[in-house]
Structure formats: structure tokens, C-alpha cells
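The values are calculated or read from the model by the stated rules, or taken from the named source; none is laboratory data. These figures come from a predicted structure and were not determined experimentally. Backbone-built Cβ (ideal geometry, glycine too); neighbour counts: all protein chains shown. Just so you know, the surface numbers come from the protein's heavy atoms only, side chains and all, with ligands and any DNA or RNA stripped out. Shrake-Rupley method; radii C 1.70, N 1.55, O 1.52, S 1.80 Å.
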Amino acid sequence: MLTPNLEQTLHRALSIAYDHNHEYATLEHLLLSLCDDGEVQNIFKACNVNLNNIKADLESFIEDDLNILTNEEMEGDSRPTSGFQRVVQRAALQVQSSGKMKVDSSHVLLAMFSEKESHALYFLQKYGLSKLDVANYVSHGIAKNPTASQTKRTPGINQASPMQSGEEPMPVGEEVLEAYCHNLNLKALRGEIDV
């Protein structure tokens, strides 16, 4: 299932293609639409991507280099290319395999990196954005721009989690190992297990 925000982004990409009389909506149309998506704008900011510059490059590319897609007598809406469809399907499969329920714009941006032969990927790389940068920010809140990092807490890992009333504090650091793991070496020394 797509988030409402992503649905709007996909429709906007098709509209951008239609407004240019392009028979097909490409990954470049999709990336330009993603540039107007608040979630992707946050990713770009965190990864030091100049939003105005990448938008200007994409608009210029769509205007000047995609004339081959122009069809003045086009009937109906623009149709997504197979690359456009693959990116959305890949994003949905990644979300499904991770056990999540909704595909959002960040998943589509991540999936775009698998389309190696696209100008959209060229523009992302031109502005220094990599799949790892996006994944680090989306999954862990780690940004290239230190002022844009998010704090994402994993209970029990080098920090205490916020306690609910009546809850015992989560173990931190070395206590995590003791709380959740069995020391097999110690058990073997005591003769509790076979070596």
C-alpha cells in the first residue's frame, strides 16, 4: 500500500510528463516530482544535496533532452516507462520483505539507485548522493550534514531507553549481553554443555 504522500508524488510525476506532452513518464519526471516531496527534501537536506540545483538540472534535462517523448497528438495521460514501474515495484517489494505495510517516498528514492542506466541516477550521483547515504538517514537517522541527524534510539544499545511508569530500566552496554545472551564459554567450563 502506498502512502497518500507517495500517491500524490506519483500523480505529480505523470502530470509533469503530461504538461510537457510526453507520451511516457520517465525516472527523471519521477525524480523531479520527488524533489517536491517533503520527505525527500528532508533526505536531500540531511545529505547536503542542493535542492534548487538538482531541480534546475532535472527541469532543463526534461525540457531539452526528452523532446523525443513529445507527442502533440497524444490521447490520454502519460504512461510510466518500464523503469518507472520497476522502481515503484522494487520499493514495494523491499517494504514487503522488511515486514512493513506502507511504501513511502524514501523507499522509491532508494529503489531508484538500482536503475543503473538512467539520467536520474546520474543527477543523484552528481550531487553526491549515494544509496548508502539515503539508507543511513532513513534507517538510522545518520546524515552527512551533522546538523540534520535524527536521534533514533535502539533500546539497550549504549543508551537507556525512556522508561514507562513501573518499567525496569533497559540494560545498556555490557549488561545487554548478560541480559539477552548465554555465555557458552562459561557454560562449557562448568561442564554444563558438551564442547
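With the convex hull of the Cα atoms taken as the outline of the range 25-124, the averaged projected area works out to 7.2 nm². For residue 126, the accessible area of its heavy atoms, probed at 1.4 Å with every protein chain present, is near 110 square angstrom.
Largest first, the residues 182, 22 sort by 1.4 Å accessible area into 182, 22. Its relative contact order, with pairs defined as Cα atoms under 8 Å and 6+ residues apart, puts the range 4-54 at 29 percent.
A cut-off under 13 angstrom between Cβ atoms defines the neighbours of residue 4, and their net charge, with Lys, Arg +1 and Asp, Glu -1, is -2. What shape does the range 1-84 have by the C-alpha gyration tensor, where a ≥ b ≥ c are the square roots of the eigenvalues, rounded means a/c under 1.5, and otherwise prolate means a/b greater than b/c and oblate the rest? Judged from the Cα gyration tensor, the range 1-84 comes out oblate (a/c at least 1.5, b/c at or above a/b). Per residue, the accessible area of the range 1-159 comes to 55 Å² when a 1.4 Å probe rolls over the protein heavy atoms. The largest accessible area among 137, 127 belongs to the first residue in 127, 137, and the rest follow in falling order (1.4 Å probe, all chains). Residue 36 contributes about 70 Å² of solvent-accessible surface, heavy atoms of the protein only, 1.4 Å probe.
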